[in-house]
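J.: Supplied in structure tokens, the structure appears directly below.
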Amino acid sequence: MPLNSLFFINTRHRLSLATTLGLIMLLLTGCSNLGKANNPQAQPEPDLSELVHAAAEQMMANNPELTRYSPMIAATFVSIDNLSQSSTLGRMSSEIMASALARQGMQVREVKMRDSMFIEESVGELILSRQVQRLSAQHNARSILMGTYAQGQDFVYVSARIVRAGDAMVLGTADFRLPLNNNTRSLLEGQGGW
């Protein structure tokens, strides 16, 4: 067999192999892109504000008569493990919930503008059950927003409730869980650990 013929057969074999490999790569790329098109991208985790607003809407939907117990004052949400301890998470949860309830028609009395309620720096407005009647009378409030939170391994669990000032009966409740990500950890740092 002449040398030219051997070279032609080898070249044709190489071209055939290269073409086959090229087609396989093209198919694999197409399949991987097809898989991406069928898989929706992961939804971003809800943030504290979104969760609190949804909880406030849930609370009002479950008890449309809640606005009858206006005006309301808001206490800082506290750690379930130590009711005299809070964090930025507890203070912000309370603030956002009070704002969300106000948007839902609840009259909210701002207590930070008054001198008659003791506000401990870095803790916020802590209301213990023995103080409920005294504070509600001082602020002419018919109800009080209270809440607790507990840190788990993957989530922080928050429970909010509105109680009637006169007898501490629970009028409305809402619960949610917040993913324990870096943002949430930074909101908890002020309570001395996470």
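The values are calculated or read from the model by the stated rules, or taken from the named source; none is laboratory data. Note that the structure is predicted; figures quoted are calculated from it, not measured. Here Cβ is always computed from backbone atoms with ideal geometry, including for glycine, and neighbour counts include all displayed protein chains.
J.: Residues to consider are Ala168, Ala141, Ala174; find the one that is among the hydrophobic types (A, V, I, L, M, F, W, C) and in a strand (DSSP E or B).
T.: Working: Ala168 fails: in a strand (DSSP E or B); Ala141 fails: in a strand (DSSP E or B).
Among Ala168, Ala141, Ala174, only Ala174 is among the hydrophobic types (A, V, I, L, M, F, W, C) and in a strand (DSSP E or B).
J.: Take segment 157-185 and flag every residue that is more than 30 Å from Glu65 (Cβ to Cβ) and in contact (Cβ under 8 Å) with a residue 12 or more places away in the chain.
T.: Taking segment 157-185 as the starting set, the residues that turn out to be more than 30 Å from Glu65 (Cβ to Cβ) are 179-185.
Passing the criteria: Pro179, Leu180, Asn181, Asn183, Thr184.
J.: Within the group Gln58, Gln41, which residue is modelled with pLDDT under 85 and either farther than 18 Å from Ile162 by Cβ or in contact with a strand residue (DSSP E or B) (Cβ under 7 Å, 6 or more places away or on another chain) (or both)?
T.: Step by step, each of Gln58, Gln41 is checked, and only Gln41 is modelled with pLDDT under 85 and either farther than 18 Å from Ile162 by Cβ or in contact with a strand residue (DSSP E or B) (Cβ under 7 Å, 6 or more places away or on another chain) (or both).
To keep it simple, each residue is scored yes or no on (1) within 22 Å of the chain's Cα centre (by Cα); (2) at pLDDT 85 or above.
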residue: Glu121; (1), (2): no, no
residue: Gly124; (1), (2): yes, no
residue: Leu145; (1), (2): yes, yes
residue: Gln151; (1), (2): yes, yes
residue: Phe155; (1), (2): yes, yes
residue: Val158; (1), (2): yes, yes
residue: Val163; (1), (2): no, yes
residue: Gly166; (1), (2): no, no
residue: Phe176; (1), (2): yes, yes
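J.: Given the condition assigned to a strand (DSSP E or B), of a type in the set (Lys, Arg) and surrounded by fewer than 20 Cβ atoms within 10 Å (Cβ to Cβ), answer yes or no: does some residue in segment 179-193 qualify?
T.: Let us first name the residues in segment 179-193 that are assigned to a strand (DSSP E or B), namely 179.
Okay, now just the ones that are also of a type in the set (Lys, Arg), so none.
There is no residue in segment 179-193 that is assigned to a strand (DSSP E or B), of a type in the set (Lys, Arg) and surrounded by fewer than 20 Cβ atoms within 10 Å (Cβ to Cβ).
Listed here are the residues, each with its yes/no results for (1) in contact (Cβ under 8 Å) with a residue 24 or more places away in the chain; (2) within 24 Å of Tyr157 (Cβ to Cβ).
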site: Asn62; (1), (2): yes, yes
site: Thr67; (1), (2): yes, no
site: Ala75; (1), (2): yes, yes
site: Ser79; (1), (2): yes, yes
site: Gly90; (1), (2): yes, yes
site: Ser94; (1), (2): yes, yes
site: Ser99; (1), (2): no, yes
site: Gln104; (1), (2): yes, yes
site: Val111; (1), (2): yes, no
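J.: Any residue at all in segment 111-118 that is modelled with pLDDT of 85 or more and closer than 27 Å to Gln58 by Cα?
T.: No: zero hits.
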